[in-house]
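Each remark here refers to the structure printed beneath this line.
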Amino acid sequence: MLPSLHTLDLVGVGVFAVSGVLAAGRKRLDLVGVLVIAALTAIGGGTIRDVLLDRHPIFWIAEPTYLLVICVTAVATIAYVRFRPPPGSALLIADALGLALFSISGAQIAENAQLTPLIVVLMGTISGVAGGVLRDVLCAEIPLILRRDIYATAAVAGTALYLLAQAAGAPRPWAFVLGMVVVVILRMAAIVWGLRLPTLHLPVPDDG
């Protein structure tokens, strides 16, 4: 039996909190700063989604367990990295897992609200990427979504396939797994093989 949506949501919060701690640690922030970055990374996307969908109270206010998971995960990660520094790719891997979990769970929340497929994909993508954007901005990094890396594209592809799988008759839990796997595969392929989106090159006007 597959885990419930709530359980997967908590796992996604924990994974994103880990990526927030790793990003904050690279910037040598103090403990409060680390917790703030971990929290924003973990619940930022879901908060924006809930505000846009007019869901009240916002999920982490309705259930403070999310904040407890963030704090416990952050403290455990801080303790772990003090004795065993993580590899350089740890942040990207943690972010990829969080992106997959939150994108598809966010899509399910929008789907439960009986929104159109386009809005479901959009809400899933926002749920997955917005927390990472907040993390990168506060850590003075160019957000992954604005780089050439396949990032938001992975979220769009995974959530779209999640909906298409259900339309083709797949049970919802297995469509969820399929969507997550696609997000993770695309992100890991981008990380390992450097897959990137094409860029737009415009000629520079001659002022002379």
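Looking at LEU40, THR159, LEU97, which one has the Cα that reaches farthest to the positive end of the dipole of the chain (charges on Cβ: Lys, Arg +1; Asp, Glu -1)?
Of the candidates, LEU97 comes out farthest on the positive side.
Counting other Cβ atoms within 10 Å, which trypsin sites (Lys or Arg not before Pro) in the range 1-91 have at most 10 and lie in a DSSP loop?
Filter output for the range 1-91: ARG28.
Can you give me the solvent accessible area of GLU141 with a 1.4 Å probe, rounded to the nearest 10 Å²?
Using a 1.4 Å probe on the heavy atoms, I get roughly 80 Å².
Given a 10 angstrom Cα cut-off, can you work out which residue in ALA62, ALA39, ALA165 is the most mobile in a GNM of the chain?
Among ALA62, ALA39, ALA165, the largest mean-square fluctuation in the Gaussian network model of the chain belongs to ALA62.
Using only Cα atoms, locate the centre of the range 88-149 and the centre of the range 20-55, then give the distance between them in Å, rounded to an integer.
Computed from Cα coordinates, the inter-centre distance equals 12 Å.
Of the candidates PRO117, PRO86, PRO143, which one comes out as most mobile in a Gaussian network treatment of the chain with C-alpha springs shorter than 10 Å?
PRO86
Could you work out the relative contact order of the range 94-201? I mean the mean sequence separation of Cα pairs under 8 Å and 6+ apart, divided by the number of residues, in percent.
Value for the range 94-201: 31 percent.
Can you give the accessible area of ARG196 in Å² (nearest 10), computed on protein heavy atoms with a 1.4 Å probe?
We get 130 Å² for ARG196.
With no solvent and one equal point scatterer placed on each C-alpha of the range 61-126, evaluate the Debye formula and give log10 I(q)/I(0) for q = 0.17, 0.19, 0.26 Å⁻¹, two decimals.
Rounded to two decimals, the profile gives -0.79, -0.88, -1.07.
After finding the eigenvalues of the alpha carbon gyration tensor for the range 119-179, what semi-axes result from the square roots of 5 times each, listed largest first in whole Å?
28, 10, 8
Could you size up the charge dipole of the chain around its Cα centre, putting +1 on the beta carbon of Lys and Arg and -1 on that of Asp and Glu, and report it in debye to the nearest 20?
540
Give me the net charge of LEU5's neighbourhood, meaning all other residues with Cβ under 11 Å from the Cβ of LEU5; Lys, Arg count +1, Asp, Glu -1.
-1
Looking at the chain as a GNM with Cα springs under 10 Å, which of ALA94, ALA74, ALA167 has the largest mean-square fluctuation?
ALA167
Compute the label zone of ILE185 within the range 161-175: residues whose backbone N is under 14 Å from the point 7 Å along Cα-to-Cβ.
In the range 161-175, the label zone of ILE185 (backbone N under 14 Å from the point 7 Å along Cα→Cβ) covers 161-162, 165, 175.
The values are calculated or read from the model by the stated rules, or taken from the named source; none is laboratory data. What you see is a predicted model; the values in this text were computed from it and never measured. Methodologically, a virtual Cβ is constructed for each residue, glycine included, from the backbone with ideal geometry; neighbour enumeration extends over all protein chains shown. In case anyone asks, the SASA skips ligands and DNA or RNA and just uses the protein heavy atoms, side chains included. Shrake-Rupley method; radii C 1.70, N 1.55, O 1.52, S 1.80 Å.
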